[in-house]
Amino acid sequence: MGRRFWHILTIPCMAFLLGLAAVTGLWLAASPARAQGTIYVDDDNCPDPGTGTALDTYCQIQAQAPN
């Protein structure tokens, strides 16, 4: 297999990868950002961790805050 054979395979592969990267980039740019929601915290709910809703509050905000 000569050098020309690998050159013929390389160009379509590179074009495919470039197209895939472009489509992926456009898809990521078009996806909506995650909306911020309201979380509820009440230390009277301890030690129950809760779900963060108004009816079932978190015990501590540090346990549920994103890093």
Practice item. Please work out which one of (1) modelled with pLDDT of 80 or more; (2) aliphatic (A, V, I, L, M); (3) more than 26 Å from the chain's Cα centre (by Cα); (4) surrounded by 10 or more Cβ atoms within 10 Å (Cβ to Cβ) is the condition L9 fails and give its number. Key: (1)
**Study point:** Selection count, the stretch 20-41, where residues are modelled with pLDDT of 80 or more and either touching a helix residue (DSSP H, G or I) at 6+ places or on another chain (Cβ under 9 Å) or assigned to a loop (DSSP other than H, G, I, E, B) (or both)
**Key:** 1
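The values are calculated or read from the model by the stated rules, or taken from the named source; none is laboratory data. Computed from a predicted model, the values in this text were never measured in an experiment. All Cβ positions, glycine included, derive from the backbone under ideal geometry; neighbour counts span all protein chains shown.
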